[in-house]
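Readers should treat all values here as calculations from the given coordinates under stated rules, not as data from a laboratory. The structure presented is a predicted model; accordingly, all values stated were derived computationally and were not measured. All Cβ positions, glycine included, derive from the backbone under ideal geometry; neighbour counts span all protein chains shown.
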Amino acid sequence: MLVGKNLRLVSREESKTRSESQKLGKAYADLDQERQSIRNALTDIHKMRKKPNWTSLQTHLRTRHRQVFSQFVAKDPDGYQRVGDDNFGVWLNDLNHFQPGAETKIGDTRLATDEQLLDMATSDVFSVPVNQRSRLARLWAQAFFSERMDSIVESMQRYERLNQELTKVHDEVDRRVLQTADVIGVTTSGLAKRITVLQKIHSKVTICEEAGEVLETHTLSALLPSVQHFIQIGDHEQLRPQINEYSLSLESFTGKQYQLDRSQFERLAATRNGTTKFPVAQLNVQRRMRPEISTLIRNTIYPDLTDHDSVKNLAKIVGLRKSVFWLDHENAEEDTSLDALQKSHTNLWEVDMVHAFIRHIVRQGVYKSSEIAVLTPYTGQLQRLRARLRDDFEIILNERDEELLESGLVDDPAASTEQEGVIAAPHTSSGSKILEKKKLSELLRLATVDNFQGEEAKIVIVSLVRSNEQQKVGFLKTTNRINVLLSRAQEGMYLIGNADTYGKIDMWAKVIEMLRATDSVGRTLSLCCPRHQNTDIDVSQPGDFLRVSPEGGCRLACDRRLEDCGHQCQARCHSDFMHRAFACQQPCSRFHSPCGHACQKPTCGEDCARCMIKVNGTVLPCGHTKDNIPCYQIQDLSKVVCAAIVAKEVPGCKHNVDVACPVSVSETSFRCPQPCTSLLSCGHQCPGTCGQCIPEETVDGWMPKHKPCKKQCGRRYATCNHFCRKQCHSDKDCGSCTAQCEVSLLYLRLKPSVPDHC
């Protein structure tokens, strides 16, 4: 519904008055002119930076120093004028080649003032001492540079005034558009930027979403003079507004006296001495998370929070015993003191554990990529996780193809073609099993805790990172950030971290205590095989996943039959998802239809495709018999090409020719292959075929157009007994004989200069 409702897009379609259109047209044209003026000035300045030359200075000299300019372009005593920039270059480089006036002074060492130099150049530029000409050129260049800079400043001032005129026109158009809107959506920054327009709308009600994350100064900017009702929606128990200076925030010791990151929403809604200054309506019924998760924030922050019936009976997480669990460990975080460039914290053991954990969940084939999220408080850990997951791939069933597979709409053999990054499993009668090779990082969402506020995911895995002897927690010591972290998961939440490190923080201590009460804290994570649910599968190290649950199940053999063929699955225990995509390795026992031939493929999991058994003695519609025809082609004999050679009479020429049975000699495209029997004007037989000598209309009627003769001429030369060896050239003269003869050789003995041809 909101597509195309952007103010800029809607304003473009708003009709403008004639005056507005004229102002816009003139303003845009003037802006282009000013831009070109600035561009030209900058180009001139750029050229002058290298070295003063005639090209860059001639405009300045012509306008500011005309007498000097005329001397450089003047003619010599003989009436000749040098072209190009040689005059100025010769003058500047102390070459004595151009002296139309007084003689050049080379040895004058007296230093003149700037004014004296300019006056001297005005009267006779070639009288300026050589050792001071570069200084004079720099004076001209400096004056030129100042003029160009002044012109740029003036153009920029005019440019700014034109932009202001454009803004006024556009603001008026925007005002008319906004005046007709029922609801206007804008950020606090956007409101401050367009406050002159929004003030003219006279809005009476303002609603601020995520008010707990908005600085109080930004909130005040939204209180336009016309506002009568101001509603703020948010949660001051979650993340506060972000400020650049940590020492001015509530989290720092010195910042408590400033409290710049305390929002107006928190200041007005927070309870003081059991009372609130402003009326607050609190949402006390949550519809996001299962009770095992909501309990963690209910008993710490929201005592009145209740669970809706829709979240009380959520299914357990597939592949795991617990839906909420804290995997405790003592693997220390990386020492940041060893790397001065490392500003954030990382824990490589947790990176490996998250990687193995994600692979296990993905292999269950139950959860979509948008339903799994990995959170961490530190950007350093986020980068480590992204790099690790990016380098690893997982084979999954394409979601789109899975839906088609379930609906039975896919049955196209061409869809099994192997493409880059895609592995196609065999086709069956029920549809197309397509496996897709994707990076693990593409199968989930990775984010820091702060950037995940307002988001949610069905399964959330948290890498807490901090594990040290000093028991420093860092970012996660604040109640607001802990609250955000614990309230993002819907059905499953798994925290990986050192419980002793975090247990020194009051809220974390309460959370750990509640989890211990339900046996949800431990050094070992219990997995659950979807097929053999009574099998104990425990992991405590990243490598344990591959050892005890290599395919997402357990180490036992799969005890189910394949749905397509009914054969016993021969793979190790795996999830339902992997079972559906597994290709049977048993010999195929299916038969082709309607021929009834047995399938020739070696394994049952392969697509039977078309029957390729060769059939002999098949009578074609033309009456001929053909052998070695693939069985599938017999189902449609009209597409089988007959290879029999038969004699047919060509209409027109009446020649009998031997052609393949399907060939039609009556078609206009057919060319009779019989040799042409006509004699050419040279007396030789035409080298073409009957079908090649196509008749064409002449004054004498329709005459065949024969191919040119390719035989040797063979005519005798008139001056000797030799024959012409050139290609037949009809009635054209053969020319002179080029062969050697006895007469010419005898003559050569007497006169060597005589040519040796006849």
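Using only the Cα atoms of the range 188-282, build the gyration tensor, take square roots of its eigenvalues as a ≥ b ≥ c, and label the shape rounded, prolate or oblate: rounded if a/c is under 1.5, else prolate if a/b is larger than b/c, else oblate. Since a/c reaches 1.5 but b/c is at least a/b, the shape of the range 188-282 is classed as oblate. Could you sort out which of K322/K472; K654/K705; K316/K472; K312/K458; K312/K472; K193/K477 sit more than 25 Å apart by Cα distance in this structure? K322/K472; K316/K472; K312/K472; K193/K477, as the Cα separations exceed 25 Å there. Near D32, once Lys and Arg are set to +1 and Asp and Glu to -1 for all other residues with Cβ below 14 Å from its Cβ, the sum equals +2.
Full extension of the segment from R18 to R158, taken as 0.36 nm per residue of separation minus the current Cα-Cα distance, would add 48.0 nm. For Q228 and N451, what does the FRET efficiency come to when R0 = 35 Å and r is the distance between their Cβ atoms, rounded to the nearest 0.05? Approximately 0.50, to the nearest 0.05.
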